[in-house]
Amino acid sequence: MTAGGSADPAVRPALDPPARFGLGRVSDLLWRHPGATVTAMLALPALWLCVIYLGSLAALLAHSFFSIDHFSGMVRYDLTLDTYAELFTPANFDIILRTVAMAAAVTLASAVIAFPIAYFAARYARGRWKALFYLGIMLPLWSSYLVKVYAWKLILAREGILTWLFETLHLSWLLDAYLALPVVGGTSLSTSYTGTFLVFIYAWLPFMVLPIQAALERVPASMLDASSDLGARPSQTFRHVVLPLAAPGIVAGSIFTFSLTLGDYIIPQIVGSSRLFIGQAVYTHQGTAGNIPLAAAFAVVPIVIMAVYLWIAKRAGAFDAL
Amino acid sequence: MRSSRIEKAPLGLKLAAVAGLAFMHLPILLIFAYAFTTEERSYQWPPPGLTLRWFEVTWNRPDVWAALELSLVTAATATAIAIVLGTLTAAAVSRTRFFGRETISLLVILPIALPGVITGIALRAAFSVGDIPFSLWTIIVGHATFCVVVVYNNAVARFRRLSGSLVEASMDLGANQFQTFRYIVLPNIATALLAGGMLAFALSFDEVIVTIFTAGQQQTLPIWMLEELVRPRQRPVTNVVAMVVVLVTLLPILGAYYLTRGTDQPRGRLK
Amino acid sequence: MLTDAHPAPDPSDAAGTPDKACPAVSFRGVSLHFGHIRAVDAVDLDIAEGEFFALLGPSGSGKTSCLRLIAGFEQPTAGHITIFGKSAVGVPPYRRHVNTVFQDYALFPHMSVIDNVAYGLKIAGQDRASRRRAAEEMLALVQLPDIGARSPTALSGGQRQRVALARALVNKPRVLLLDEPLGALDLKLREQMQEELKTLQRSIGITFVFVTHDQGEALSMADRVAIFHDGRIRQVGPPEEIYRRPRSPFVADFVGSSNVLPPEFVRQLTGRTRPASLRPEVIRLAPEGQAATVLDHSFLGAATRLAVAMASAAGSARMHVLLRPGDAVPEVGDTVRLAWEPDDLHVMEFEE
């Protein structure tokens, strides 16, 4: 066995001299300064995110400490907590409570609906079914948000498919009785809290399914076998093994459903009663009213709520499932 | 949870899972039926008749075309910016364990982790402070900011799979850093970048919550749709547009899925 | 974020011509520190041209870091490395005619086998036809003809190992670095590859630097071995010398199995208060020897090993003894008498 080729390795230098020009020289320089290389790569994205995004958040935060002159409608650029105090007027505080209650209800319901989907996809779906479930969850996640909302406007409309369904089944009395209920009822489903609630669940459901599925995928089947081997009935295995291991996934999903509900202003505007949610308050105050300070103060509310929520979730170890 | 043996799912679980999937898909399919209805005043179900007329009407609507064009230009530009920024960040983050790398990840994810209304109002406040008039670019700036994370997540996942020894092997075989990027890194991350880019495009094409705050008087297709939802003018046209939007966003999503199938899952809003 | 900048090359010795008399690789006081971790700590080392040199040590002992310093993936925190007499300071890996066979082989998954092998030649600017020819020749040399069109992901572990070898050798490196190249192979294949690598190295005459944690592999293949422990070299020498004359208890224990006798015990035997190594195979049963009690015996196939306790004024020492073929195997609890040549009791230095 001999190495092919002509050059005698002995006469070849072991090291090449550095390049004097061109990309080779730039490569040498970058190689010699790896810190500078990373800095150069990060410069553009860091500049963009820091200046544009963090700068905007700072501008928002700053505005929340300004106030509006109610006579001229101009922003007064003096630091004050008056705008935050306005949040605690009964009308505004109602908006906050209403939004948080809705976010909590949506999160709970999403978790209940999402769990069987995630559990089936993680534990039982194989091959084709696995791909089908995967696409079945990814497509709604990415498909148009507005179209989803619009579809539900069609479904919940007084002359829409749901009313037709109840009529066909001769159950109209049931729908009427439900709509007559306080709080959840209304003149039609599309103008009730129930309608808002349904659309929220629909829009955020994929955000709940995926983290739960990811958490369940990580549970080795041998662990379930071990549980049943140790004498647990399936229900006990579920209660004591599966559910605790899925919990970080549920918390991770809830971060999305909670945060998205807190900030949304389009769903309650299209489907729901005329009472405002936080997102709508932000939208109206900055828009027609031109009260950017109050809009900014309202926008800080979800940030604070989410910060507290994330802090709790982090302590519960939910980020491993993200 | 991988199981060594094939197990049968309990019937109740199977039903709940299938019902859940149906719940996620049937409402969107409904849009397709409405695009053909002859009823033009209400959302009547079942449709009294079927027609193709609304496709023609929509085709001849200049406002729809203008909105579509604005949306496509915005999505394409925002995606291009996001690919550059997201790839650079992912490469830097996966290259070394430099100080502050957790902070960078957080910074990238923040625009999508916080509710869209906050990103929107924040940008609006900044534009108002800086006296920047609304334009195509104010829309693009907002979109690019939240699209970076989609490209970043896909790229970072692929960089993580791209074993460090491949880059070292290339340099060991005489390739300088640019040659290594060209011949080794780029071919290995290309599909992830493409997938990330497609998802970013879908995300941008469809975005309305932030856009309203940064658009001024201009109408992207989602803003046009929202207008129609709030103050309906010609419902059948909205139905047709909704159906087209579903189909247009479906393509990049499926494309991203097939590009990353078997390697890593397309990542975007999650992870 | 301007961290750990690599030093610029030293222009004073960049111009020197390669000298056959100087070592292929030379380390002078080389250290590599990651924060508080001293991966390599003040190492001096000379590897001669044409040598098959093994870096042997437990994991985390600094042997792989030394290999990466030679390849140029790491730059020394202190000290100086020369390759064929030229300073390697500030020279990136792609300007070193030193090639590496990686532990995980690092074959490019998006290229065919032939493109993998021809990659270095392509970068060097060779035309397509000649680099393909060279790559095919090299694949034939590692006994893998006709697989050039395949994807490396479709190969077995042994085949990947050979492709990685071909990909490095086709560039005719001055030094070939091998990072645990046989670690992922099963025992049979590993033994076969050990012989092949040795034959290959003799025939092409390139300096091989070989990292392994398997002492058997190092002893059987290398011309010389450096024993690493905690970032330092504990001993350098030919395998026989290291085996027979380990410098310290660590070396004696890590290379082969040895009875390391405590200093007090050695004083009783030799008068010197030092640890000593006594290989199990040099001990024989002899009526004139020292008395010891048999604790256990294990059948190893080629031989039988006794575990015995030898008593002395300094307490008792537990030792292993390999019985020769034909020796009667004593029962547990029996007293045997053990003897050895005075030369075979190797007195060592204390552990640093």
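The values are calculated or read from the model by the stated rules, or taken from the named source; none is laboratory data. Predicted model, so just to flag it, every value in this text is computed and none were measured. Every residue, glycine as well, gets a Cβ built from its backbone with ideal geometry; the counts of neighbours run over all protein chains shown.
Of A:Thr187, A:Thr194, all but one fail to be at negative phi, surrounded by fewer than 23 Cβ atoms within 10 Å (Cβ to Cβ), among the polar types (S, T, N, Q) and at pLDDT below 85; the exception is A:Thr187. Within region C:133-162, restricting attention to residues that are under 20 Å from C:Asp104 (Cα atoms), over 30 Å from the mean Cα position of the chain (by Cα) and not hydrophobic (A, V, I, L, M, F, W, C), the residue that is modelled with the lowest pLDDT is C:Gly148.
Residues in region C:53-70 that are buried (at least 23 other Cβ atoms within 10 Å of the Cβ) and in contact with a helix residue (DSSP H, G or I) (Cβ under 9 Å, 6 or more places away or on another chain): C:Ala54, C:Leu55, C:Leu56, C:Gly57. I'd like the residue in region C:270-296 that is closer than 17 Å to C:Glu341 by Cβ, among the aliphatic types (A, V, I, L, M) and buried (at least 16 other Cβ atoms within 10 Å of the Cβ) and, out of all such residues, is modelled with the lowest pLDDT. Among residues in region C:270-296 that are closer than 17 Å to C:Glu341 by Cβ, among the aliphatic types (A, V, I, L, M) and buried (at least 16 other Cβ atoms within 10 Å of the Cβ), the one modelled with the lowest pLDDT is C:Leu285. The strands (runs of 3 or more DSSP E) found wholly in region C:229-303 and carrying at least 1 residues that are within 18 Å of C:Phe53 (Cα to Cα) occupy C:232-237.
Taking strands (runs of 3 or more DSSP E) as the structural unit, those lying wholly within region C:37-129 and holding at least 2 residues that are within 14 Å of chain B (Cβ to nearest Cβ) and within 27 Å of C:Glu196 (Cα to Cα) correspond to C:98-101. In the condition set (1) in contact (Cβ under 8 Å) with a residue 24 or more places away in the chain; (2) in a helix (DSSP H, G or I); (3) surrounded by fewer than 22 Cβ atoms within 10 Å (Cβ to Cβ), B:Leu106 is compliant with all but (1). Collect the residues in region B:80-112 that are among the small types (Gly, Ala, Ser) and at the interface with chain A (Cβ under 7 Å from one of its Cβ atoms), keeping them in residue-number order. Residues satisfying the conditions are B:Ala91, B:Ala92.
Selection of region B:41-70 for residues being of a type in the set (Gly, Ala, Ser), surrounded by 13 or more Cβ atoms within 10 Å (Cβ to Cβ) and outside any helix (DSSP H, G or I) yields only B:Ser42. A single entry from A:Leu171, A:Leu181, A:Leu189 fulfils the requirement of being more than 10 Å from every other protein chain (Cβ to nearest Cβ) and closer than 10 Å to A:Val271 by Cβ: A:Leu189. Just to be sure, is A:Arg98 more than 28 Å from the chain's Cα centre (by Cα), of a type in the set (Lys, Arg), farther than 28 Å from B:Gly196 by Cα and surrounded by fewer than 20 Cβ atoms within 10 Å (Cβ to Cβ)? Judged against the criteria, A:Arg98 is not a match. Of the candidates B:Val245, B:Val237, the single residue that is more than 8 Å from chain A (Cβ to nearest Cβ) and either at pLDDT 80 or above or surrounded by 16 or more Cβ atoms within 10 Å (Cβ to Cβ) (or both) is B:Val237. Only residues that are more than 22 Å from B:Val185 (Cα to Cα), aromatic (Phe, Trp, Tyr) and modelled with pLDDT under 90 were counted across region B:63-122, and they come to 1.
Cβ-Cβ distances below 6 Å connect the following pairs, each with a first residue in region C:168-179 that is over 13 Å from C:Asn116 (Cβ atoms), a second residue that is assigned to a loop (DSSP other than H, G, I, E, B), and a separation of six or more residues or different chains: C:Pro173/C:His97; C:Arg174/A:Ala14; C:Arg174/C:His97; C:Val175/C:Ala24; C:Leu176/C:Ile206; C:Asp179/C:Phe102; C:Asp179/C:Gln103. Summed over region A:103-127, residues that are surrounded by fewer than 19 Cβ atoms within 10 Å (Cβ to Cβ), over 21 Å from the mean Cα position of the chain (by Cα) and in a helix (DSSP H, G or I) total 1. In region C:90-111, the residues that are within 13 Å of C:Glu180 (Cβ to Cβ) reach residues that are among the acidic types (Asp, Glu) with C-beta atoms within less than 6 angstrom, at least six apart or across chains, in these pairs: C:Thr100/B:Asp172; C:Phe102/C:Asp179; C:Gln103/C:Asp179; C:Gln103/C:Glu180.
Just name the residue that is nearest to the other protein chains (Cβ to nearest Cβ) out of those in region A:25-72 that are crowded, with 17+ Cβ neighbours inside 10 Å, of a type in the set (S, T, N, Q) and under 30 Å from A:Val300 (Cα atoms). This residue is A:Ser56.
Among all residues of region B:19-38, there is at least one that is in contact (Cβ under 8 Å) with a residue 12 or more places away in the chain, more than 7 Å from every other protein chain (Cβ to nearest Cβ), touching a Gly at 6+ places or on another chain (Cβ under 8 Å) and within 30 Å of A:Ala157 (Cα to Cα). Scanning region A:114-147 for residues that are of a type outside the set (A, V, I, L, M, F, W, C) and facing chain B (nearest Cβ under 7 Å) turns up A:Pro116, A:Tyr119, A:Arg123, A:Tyr124, A:Gly136, A:Pro140, A:Ser143, A:Ser144, A:Tyr145. Evaluating A:Leu262 against the criteria (1) of a type outside the set (Gly, Ala, Ser); (2) in contact (Cβ under 8 Å) with a residue 60 or more places away in the chain; (3) more than 8 Å from chain B (Cβ to nearest Cβ); (4) part of a helix (DSSP H, G or I) leaves one unmet condition, (3). The numbered conditions (1) under 30 Å from B:Val150 (Cβ atoms); (2) outside any helix (DSSP H, G or I); (3) more than 7 Å from every other protein chain (Cβ to nearest Cβ); (4) of a type in the set (A, V, I, L, M) are all true for A:Val219 except (3).
For C:Gly157, the conditions (1) under 20 Å from C:Val43 (Cα atoms); (2) in contact (Cβ under 8 Å) with a residue 12 or more places away in the chain are fulfilled apart from (1). Of all the numbered requirements in (1) part of a helix (DSSP H, G or I); (2) more than 11 Å from every other protein chain (Cβ to nearest Cβ), A:Ala289 misses one, and that requirement is (1).
In region A:35-52, is there at least one residue being under 28 Å from C:Arg95 (Cα atoms) and either in contact with a strand residue (DSSP E or B) (Cβ under 9 Å, 6 or more places away or on another chain) or not in a helix (DSSP H, G or I) (or both)? Within region A:35-52, not a single residue is under 28 Å from C:Arg95 (Cα atoms) and either in contact with a strand residue (DSSP E or B) (Cβ under 9 Å, 6 or more places away or on another chain) or not in a helix (DSSP H, G or I) (or both).
Being exposed (fewer than 15 other Cβ atoms within 10 Å of the Cβ) and aromatic (Phe, Trp, Tyr) is a property that C:Phe299 has.
For (1) within 14 Å of another protein chain (Cβ to nearest Cβ); (2) surrounded by fewer than 22 Cβ atoms within 10 Å (Cβ to Cβ), each residue gets a yes or a no:
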position: C:Ala140; (1), (2): yes, yes
position: C:Gln143; (1), (2): yes, yes
position: C:Asp146; (1), (2): no, yes
position: C:Gly157; (1), (2): no, yes
position: C:Leu169; (1), (2): yes, no
position: C:Pro173; (1), (2): yes, no
position: C:Leu176; (1), (2): yes, no
position: C:Asp186; (1), (2): no, yes
position: C:Leu189; (1), (2): no, yes
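Each residue in region A:73-91 was checked for being surrounded by 13 or more Cβ atoms within 10 Å (Cβ to Cβ) and under 13 Å from A:Val300 (Cβ atoms), and 4 pass.
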